[in-house]
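The values are calculated or read from the model by the stated rules, or taken from the named source; none is laboratory data. Remember, predicted model here, so these are calculated numbers, not experimental data. Here the Cβ positions follow ideal geometry from the backbone for every residue, glycine too, while neighbour counts run over all protein chains shown.
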């Protein structure tokens, strides 16, 4: 991927704060969904030209990304996309395993049936196309977001958005590194079926088992490739 070509369009005139957030969000999404791979160099001059802005909002956006540990940026050096660490994985999945099964159980009766049926249909389509990596990652993101958004709690919403962002980042990193077909379709289907049955205990166990297996897959990849 060319360092100059990953952004699709410039940004029209906005105030400095809005420009910073737009640049930050654009780069963040590209990192989370694996369009910018670990080690990718983020040149502030090229970014400023790409967005048709001065370097100031670009530098501010990169600082926000650095605070979220999505990039590494040392003084006098180009910022680079940071790979998720093994500790990142264990921390995020520990939090998810403590919280998400309970949230799924609490929201199981609130998720609209028509949305669940659409998700089930989409999952069957993806089962026939296991190498559509971006679509599988997007589906996983939608499914897990669905489990907590219907609680309609601003606190839960804010908390899970941060956790989910890091989870998407980890899945993208492993998926594109391995270029392997998705292996969690049966786990996702079990969650959807439990939700359709309005079975709180079943969805609790299905989410718990899925998260444990997902964490194990990520850790195994790191161990097998001697990553830290």
Inset, instruction - Working carefully through the options 134, 194, find the one that is surrounded by fewer than 19 Cβ atoms within 10 Å (Cβ to Cβ) and farther than 21 Å from residue 68 by Cα. - result: 134
Legend entry - Enumeration of residues in the stretch 17-35 that are surrounded by 12 or more Cβ atoms within 10 Å (Cβ to Cβ) and at pLDDT below 90: 18, 19, 32, 33, 34, 35
Inset, instruction - Inspect all residues belonging to the stretch 51-65 and state whether any of them is part of a helix (DSSP H, G or I), at pLDDT 90 or above and under 27 Å from residue 217 (Cα atoms). - result: yes
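Take the stretch 93-104 and flag every residue that is buried (at least 20 other Cβ atoms within 10 Å of the Cβ) and under 22 Å from residue 150 (Cβ atoms).
Of all residues in the stretch 93-104, those buried (at least 20 other Cβ atoms within 10 Å of the Cβ) come to 93, 96, 100-101, 103-104.
Result: 96, 100, 101, 103, 104.
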Inset, instruction - Answer yes if at least one residue in the stretch 137-144 is in contact (Cβ under 8 Å) with a residue 60 or more places away in the chain and closer than 23 Å to residue 30 by Cβ, and no otherwise. - result: yes
Legend entry - Condition check for residue 151: surrounded by fewer than 19 Cβ atoms within 10 Å (Cβ to Cβ), touching a helix residue (DSSP H, G or I) at 6+ places or on another chain (Cβ under 6 Å) and at pLDDT below 95: yes
Inset, instruction - Go through 106, 73, 134 for me and flag whichever is free of Cβ contacts under 8 Å to residues at least 40 places away in the same chain and either within 20 Å of residue 172 (Cβ to Cβ) or more than 19 Å from the chain's Cα centre (by Cα) (or both). - result: 73
Inset, instruction - Would you mind stating whether residue 40 is at pLDDT 90 or above and either under 22 Å from residue 138 (Cβ atoms) or in the same structural domain as residue 141 (by TED's automatic domain parsing) (or both)? - result: yes
